[in-house]
Amino acid sequence: MSKSITSVEPSPLATAKEHASTDMNYPPEVAALMKEFTGAKYTKLMRKLDMRLIPIVSILDLIMFVNADAAFPTGNIANARLAGLEEDLGMEGDQYNVALTIFFVSYIVFEVPANMALKYLSPRIWITLIAVSWGLVMTLMGLVHNYEGLLAARFMLGVPEAGIFPAAAYYITIWYSRHEAMYRTALFYATASLAGAFSGLLAYAITLMDGIGGLAGWQWIFILEGILTALCGSMAYFTIYNGPDSVSWLTDEEKAYIKVKLAYDGNRSGMGASEEGSKKKYIKDAFCDWQVYLSVVIYLGISVSTYGIVFGLPTIVSTLGYTDRAAQLMTIPPYVTACILTIVVAHLSDRLKRRGYFIAGSLAFALVGFIIAITTAGHANLAGVTYAGCFIACCGFFPAFPGVISWLANNLAGPYKRAIAMSLQICKRSPYNTPLSEGKFALGNTGGLIGSNIYLAREKPRYTTGYGISIGFISLAIVATGVMMAVLSLKNKKRDRYVEQKGGPDGVVDQHGDVALTEMGDKSPLFRYTL
């Protein structure tokens, strides 16, 4: 439609004023539409989308993530453990950890077909299938009678769960630009922490049914939560929308604006939503970009500690002198607080246009919590302090999750490169399918394999291995965050000097040309990294 112009990346949460200030680079008809949706009109549209889209996804996430283990490990199996799961199934030693781990086998294996399904099925159909099948498997898990049956059910649970994150991520991307999606991603992750609180409260109530129908309390946890998930999944068919053209509650002008905005999201030629052409260059760029692997280190630092403490928190609390049912209730406050903090931190991060500072600050908070826990664990008179340490840790690593994901996305230009890089970083496949990305496993999955095996039953109540490994990974993530910030800052300063030497952005464009600068993506001298 017009010549391609590479410009400085906008802030993660573009304001209406910023929309207006950049529209001079758009074709006239696009510029007019972008200018039309500024100020109150833009805010009204975003509010309409948020009210229609986010609550529905969040409710589904809340219900399904009560049972989740991978993308957002809130772990109702941990609550079932407190309700007598191990005793009734004759489990001993590290068999509980094996039951946690086997889930990740199918979870990893079925990532590829789950990601491919997004290519052929609409979000409405795919999310419905995931939720219903997930609920059915969870319900059947409540009917197992031995350890082998639990392993089989856990393995099967990984099949539908392998598709939940790419489906949800894709759903957000068909409505919001990548900078608008940051805050919505934070809401997505906040729901996960809230699911942990809801899981503990629900488990407490359900275990009161112990003995009803000849079933144990832990069986009722799986059965009722599974049925609830399946029912909500069925409702998803009527509440999930397949894009702007599929709804009647948007005007034609609003639909046109959303589609144009996505088409020009990070691409001044209007090709932002296109996946045509060869992807080899973008694939190579993603696999050779140092940012990706340093980001994976940060992600692993967060995920290992998250998986570990979430799977182990109910048991940890039970060793502090609380009864099993009271321990389930005591897991609620950390998750509720973490939910609130995740949203607050995301808002501040967007407002101040910073990522690394908030990631490092959140991780430092988590580090303090783990240090408190490891130094006081095992001392009966300090049980409350140990609980406080776990509380602080939860409030640290949950807010860091959306930050590290959005940080990498903000600093990679081009949908293909960003898609492949995100599939390497996070626990799920990217919603953008490429031949190579469909054949590789995400590096972030390692966090679940490690975290589910660090809180060992033979070490309670001290859990030295669990706390120690968490401290190590969190520390590694903090160092990696510092390195990332330092390198990106140096690169920005170097590019500032280069642009100044060329007489400003116009001089850079004159020397390199619009097309060449666009093809450079985040390597362009005009591209600025978010710190």
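Every number in this text was worked out from the coordinates using simple rules, so none of it is lab data. What you see is a predicted model; the values in this text were computed from it and never measured. So basically every Cβ, Gly included, is an ideal-geometry build from the backbone, and we count neighbours across all protein chains shown.
Please give the contour-minus-distance gain from Leu348 to Ile125: 0.36 nm per residue of separation, less the Cα-Cα distance, rounded to one decimal in nm. Intermediate values should be presented prior to the final figure.
Values: separation 223, 0.36 × 223 = 80.28 nm, distance 3.54 nm.
Working it through step by step, the gained length comes to 76.7 nm.
With each label point set 7 Å from Cα along the Cα-Cβ vector, what nm distance links Lys41 and Ile227?
Modelled inter-label distance: 5.1 nm.
Considering only the other residues whose Cβ falls under 11 Å of the Cβ of Gly468, what net charge follows from Lys and Arg at +1 and Asp and Glu at -1?
Details: positive: Arg462; negative: Glu459.
It works out to a net charge of 0.
Local charge sum around Tyr241 (other residues, Cβ-Cβ under 12 Å, Lys/Arg +1, Asp/Glu -1)? The partial results should precede the final answer.
Details: positive: Arg52, Arg124, Lys255; negative: Asp245.
Net charge in that neighbourhood comes out at +2.
Suppose the chain between Val98 and Tyr498 were pulled fully straight at 0.36 nm per residue; how much longer would it get relative to their current alpha carbon spacing?
Details: separation 400, 0.36 × 400 = 144.00 nm, distance 5.50 nm.
Between Val98 and Tyr498, full extension yields 138.5 nm more.
What list do you get for Lys493, Lys460 if you sort them by fewest beta carbons within 10 Å? Mind dumping the intermediate values first?
Numbers: Lys493 10, Lys460 16.
Listing Lys493, Lys460 from fewest to most nearby Cβ atoms yields Lys493, Lys460.
For the residues Ile302, Ile478, Ile359, what sequence is obtained by ranking on other C-beta atoms within 10 Å, fewest first?
Values: Ile302 27, Ile478 21, Ile359 30.
Going from least to most buried by this count: Ile478, Ile302, Ile359.
Expressed as a whole number of Å, what is the distance separating the alpha-carbon centroids of the stretch 346-397 and the stretch 215-232?
About 32 Å separates the Cα centre of the stretch 215-232 from the one of the stretch 346-397.
Which order results if Cys232, Cys395 are arranged by neighbouring Cβ count within 10 Å, fewest first? Let's see the in-between values first.
Values: Cys232 19, Cys395 24.
Starting with the residue having the fewest Cβ neighbours, the order is Cys232, Cys395.
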